[in-house]
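This report refers to the structure that appears directly beneath it.
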Amino acid sequence: YGKSLFRHEELYRGLLPFVAEALPEFHSHALMTVAWALERVRVNDRAVVAQIAEEALAKKDLMRPADFIKIVNCVARMGAAPPSLAAALSAELMRVLDEKCNALLFRGAVDHVAVATLYSDPLRLYLLERFTKTAICCRPMHYQKAFQSAVAIRVLHPSVWQQLSKAVRNFYIRLSLRRIPQRARRPSPLHWDVSNALAKLGVFHRNTFQWGCFWIDIGEIDDRRQCWFVDGPSDFYSSTNEYTEANKLQHRILSELGWNIRRVRWNDWVQLGTDMDAKVEYLRKLRERPPWPAILTDGPSSSRQEMVANLRSARDVQRALKERREKNRQPHSLVMNLG
């Protein structure tokens with residue numbers, strides 16, 4: 001999928017039962033490829049992902065370090081590890097990192113979702129301390145993940161943060177003050193539609209800005225602790241209303257840091273069609289309610305057919321809005337004063 005960008009969910013789901021039966025015959029690279037593909041396509045079959053992790057543990061002496069690290073990261077990002085499996089993966093990953101990994105391999109293990117939700121406390125300490133010694137070998141994306149990992153540990157696991165030496169804590173404090181190069185984000189058409197409705201509601205705001213190590217979709221100007229997130233299909237696992245583990249983690253951290261978060265789900269917004277008055281009223285009611293709790297809950301369950309129908313409706317609404325914008329657009333004129 002990553003190379004060809006061929007995303008046919010039914011094909012992947014159809015192949016998955018046959019792949020699951022053949023997992024005992026797979027070795028290092030094949031196991032990693034299956035886990036990586038499921039994470040990229042966001043087909044969240046937790047039973048299969050957990051089976052991949054168990055196969056990797058059973059064949060730990062044959063696993064390549066880079067493949068094992070990627071499998072652990074995929075398990076964390078899919079939320080597929082019960083406590084017993086998480087403990088076994090953490091113990092084995094500690095051994096692999098300490099005995100087999102140089103700096104270039106080690107940097108791949110620094111993933112903020114895995115650090116916050118799967119790794120054991122000793123492994124968290126080991127990762128944060130060793131990263132300070134291998135930072136010279138890292139790229140901007142590794143710095144960004146290390147920054148996010150440090151924030152997650154500081155907010156969600158303060159006891160682990162206090163166990164770090166002062167020199168290590170100062171390293172991450174200095175890292176937070178650096179400008180880490182990364183790809184700029186721009187609002188999506190769905191985001192602009194929500195922003196226009198907020199403007200009609202009279203809410204002064206700014207769009208798509210970076211706060212610390214996280215991006216915020218919409219921040220109110222008058223009350224700077226009020227923010228909005230516009231949740232598109234990519235914020236959920238495929239054909240579900242289940243938020244990804246990365247979104248759940250970001251929501252919890254921002255909530256713990258004092259942000260009052262409200263979220264607009266794409267499928268709820270699509271049902272309003274092109275009626276701007278209905279959208280403004282929807283946002284008014286949403287704004288009158290209390291902010292979302294720190295633990296992000298999933299939306300109501302829907303069948304895959306309903307989700308596909310919603311996606312088609314979303315395309316139709318976006319096409320209608322685009323045609324309206326082009327119709328209302330005034331032609332530009334250039335006036336030259338030669339007097």
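Being within 14 Å of the chain's Cα centre (by Cα) and among the basic types (Lys, Arg), is that true of even one residue in the range 256-278?
No.
For the range 29-40, does any single residue satisfy the condition of being of a type in the set (Ser, Thr, Tyr) and under 25 Å from Arg124 (Cα atoms)?
For the range 29-40, residues of a type in the set (Ser, Thr, Tyr) and under 25 Å from Arg124 (Cα atoms): absent.
Working only within the range 188-210, note down all residues that are over 17 Å from Leu286 (Cβ atoms) and in contact (Cβ under 8 Å) with a residue 40 or more places away in the chain.
Ser188, Pro189
Pull up the range 97-113, narrow it to residues that are part of a helix (DSSP H, G or I) and among the aliphatic types (A, V, I, L, M), then point me to the one that is surrounded by the fewest Cβ atoms within 10 Å (Cβ to Cβ).
Here the answer is Leu104.
Being without any contact (Cβ under 8 Å) to a residue 12 or more places away in the chain and surrounded by 14 or more Cβ atoms within 10 Å (Cβ to Cβ) is the filter; apply it to the range 272-308 and report the residue that is nearest to Thr240 (Cα to Cα).
Leu272
Of everything in the range 144-198 that's modelled with pLDDT under 95, of a type outside the set (A, V, I, L, M, F, W, C) and within 23 Å of Thr117 (Cβ to Cβ), which residue is farthest from the chain's Cα centre (by Cα)?
In this case the residue turns out to be Ser176.
Out of curiosity, is Pro140 surrounded by fewer than 16 Cβ atoms within 10 Å (Cβ to Cβ), out of contact with any Phe, Trp or Tyr (no Cβ under 7 Å at 6 or more places or on another chain), farther than 24 Å from Trp36 by Cβ and not hydroxyl-bearing (Ser, Thr, Tyr)?
Considered against the rule, which asks whether it is surrounded by fewer than 16 Cβ atoms within 10 Å (Cβ to Cβ), out of contact with any Phe, Trp or Tyr (no Cβ under 7 Å at 6 or more places or on another chain), farther than 24 Å from Trp36 by Cβ and not hydroxyl-bearing (Ser, Thr, Tyr), Pro140 comes out as no.
Given (1) free of Cβ contacts under 8 Å to residues at least 60 places away in the same chain; (2) assigned to a helix (DSSP H, G or I); (3) touching a helix residue (DSSP H, G or I) at 6+ places or on another chain (Cβ under 7 Å), where does Ala152 come up short, assuming only one miss?
(1)
Report yes if Arg124 is outside the structural domain of Lys145 (by the TED database), surrounded by 22 or more Cβ atoms within 10 Å (Cβ to Cβ), basic (Lys, Arg) and over 18 Å from Tyr12 (Cα atoms), otherwise no.
So Arg124 fails the test.
Specify which of the listed residues (Ala76, Ala20, Ala37) is small (Gly, Ala, Ser) and either at pLDDT 95 or above or touching a His at 6+ places or on another chain (Cβ under 9 Å) (or both).
Of the residues listed, the single one that is small (Gly, Ala, Ser) and either at pLDDT 95 or above or touching a His at 6+ places or on another chain (Cβ under 9 Å) (or both) is Ala76.
With the requirement that a residue be among the charged types (D, E, K, R), without any contact (Cβ under 8 Å) to a residue 60 or more places away in the chain, assigned to a helix (DSSP H, G or I) and surrounded by fewer than 19 Cβ atoms within 10 Å (Cβ to Cβ), what does the range 1-60 give you?
Matches in the range 1-60: Glu10, Arg13, Glu21, Glu25, Arg40, Arg46, Glu54.
Going by the conditions given, is Glu25 over 28 Å from Leu128 (Cα atoms) and more than 20 Å from the chain's Cα centre (by Cα)?
yes
One line per residue, one yes/no per condition, for (1) of a type in the set (A, V, I, L, M, F, W, C); (2) within 25 Å of Glu256 (Cα to Cα):
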| site | (1), (2) |
| --- | --- |
| Ser165 | no, yes |
| Phe171 | yes, yes |
| Ile180 | yes, yes |
| Ala184 | yes, no |
| Leu190 | yes, no |
| Asp217 | no, yes |
| Asp222 | no, yes |
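The values are calculated or read from the model by the stated rules, or taken from the named source; none is laboratory data. Model, not experiment: these values are computed from the prediction. All Cβ positions, glycine included, derive from the backbone under ideal geometry; neighbour counts span all protein chains shown.
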